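A.B. asks: Take this structure, written in structure tokens, and hold onto it; I'll ask about it next.
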Amino acid sequence: MNCHVAVKEYKGDPIIREDGREVNGTAEIKKLYAYAGWNPDKGEYNPDNNGDGLPDGSRPIEWVRIHNLPDHVYFNHSQHVKVGNVQCQTCHGNVQDMDEVYQFADLSMGWCVNCHRETKVDFLNKETGEGNRFYGIYEKFHNDLKNKKMDSVTVEHIGGLDCQKCHY
């Protein structure tokens, strides 16, 4: 709602679905208001009369799942985003530029394994304070980098290809 409190109607170029139908952008924004329990006329959320901590009338957005993994695969967004500093666009594409979201990457096992083999780990540089503190447990690799024994450390080096990291 951070954006749609200010953006109340769609004034951009027509959005056309694959089947040729035009999307009413303003009506889509109003759907978001209803899901969030936002009253655009008053500029505030609906009251919480039943005391459940949510605005009256709000409900979860009915998402259409676009990116789907098999049931036997575990994926943790926070591990990739917070620890690995992976940008959303790496896997999901430039969603901000998509009129209709689509699956950007195939998210196959091979695609993930290649990413783990190629993605370099950003260790903490104690002198500058830059880098990722999470990887402090890998001091050996950091020293090997400093001593030029290695030129980079990838996710593969720190266990990123262990089967149980993604499969259960």
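Values in this text are rule-based calculations from the coordinates and carry no lab data. The model shown is predicted, which means the values in this text are computed figures rather than measured ones. Virtual Cβ from ideal backbone geometry, glycine too; neighbours counted across all protein chains shown.
A.B. asks: Could you work out the relative contact order of the range 96-153? I mean the mean sequence separation of Cα pairs under 8 Å and 6+ apart, divided by the number of residues, in percent. Intermediate values should be presented prior to the final figure.
C.D. replies: Working: 24 pairs, mean separation 13.4, N = 58.
Relative contact order of the range 96-153: 23 percent.
A.B. asks: Over 18 Å apart: what share of the alpha carbon pairs of the chain falls there, rounded to a whole percent? Intermediate results must be reported in sequence, preceding the final value.
C.D. replies: Values: 10273 of 14028 pairs.
Here the tail beyond 18 Å accounts for 73 percent of pairs.
A.B. asks: Taking Cα atoms, how many degrees apart are the long axis of helix 25-36 and the longest axis of the chain, rounded to 10 and kept between 0 and 90?
C.D. replies: Helix 25-36 sits at roughly 80 degrees to that axis.
A.B. asks: Name all residues of the range 150-168 having a backbone nitrogen under 16 Å from the label point set 7 Å from the Cα of V73 along its Cα→Cβ direction, giving them as ranges.
C.D. replies: 161-168
A.B. asks: Percent antiparallel among DSSP beta bridges with both residues in the chain, to the nearest 5?
C.D. replies: Working: 7 of 8 bridges.
Antiparallel: roughly 90 percent of the beta bridges in the chain.
A.B. asks: Rounded to the nearest 0.05, what FRET efficiency do R59 and N85 have when you use their Cβ-Cβ distance and R0 = 35 Å?
C.D. replies: On the way: r = 34 Å, r/R0 = 0.96.
Here the calculated transfer efficiency is 0.55.
A.B. asks: Label point 7 Å out from N49 along Cα-to-Cβ: which residues of the range 10-38 have amide N under 16 Å?
C.D. replies: 37-38
A.B. asks: Can you give the Rg to Rh ratio of the range 1-62, both from alpha-carbon atoms, with Rh computed by the Kirkwood formula? Can you show the working numbers first?
C.D. replies: Working: Rg = 13.9 Å, Rh = 13.0 Å.
Answer for the range 1-62: 1.07.
A.B. asks: Then there is this: Please state the charge dipole magnitude for the chain, taken about the Cα centre, from unit charges on C-beta atoms (+1 on K and R, -1 on D and E), reported in debye and rounded to the nearest 20. Can you show the working numbers first?
C.D. replies: Values: 19 positive and 26 negative charges, 130 e Å.
The calculated dipole for the chain is roughly 620 debye.
A.B. asks: Another one. Assuming R0 = 22 Å, what is the FRET efficiency of A6 and N39, from their Cβ-Cβ distance, to the nearest 0.05? Provide the component values of the computation, followed by the final result.
C.D. replies: Details: r = 15 Å, r/R0 = 0.69.
The pair A6/N39 has a calculated efficiency of 0.90.
A.B. asks: Arranged by the count of other C-beta atoms within 10 angstrom, fewest first, what order do T128, T26 take? Present the calculation step by step, with values, prior to reporting the outcome.
C.D. replies: Details: T128 7, T26 12.
Going from sparsest to densest Cβ surroundings: T128, T26.
A.B. asks: Among I16, Y45, P60, which residue has its Cα positioned farthest towards the positive end of the charge dipole of the range 1-62, with +1 placed on the Cβ of Lys and Arg, -1 on the Cβ of Asp and Glu, and the dipole taken about the Cα centre?
C.D. replies: Towards the positive end, the residue furthest out is I16.
A.B. asks: With label points built 7 Å along Cα→Cβ from the Cα atoms of T128 and K31, find their separation and express it in nm.
C.D. replies: 4.6 nm
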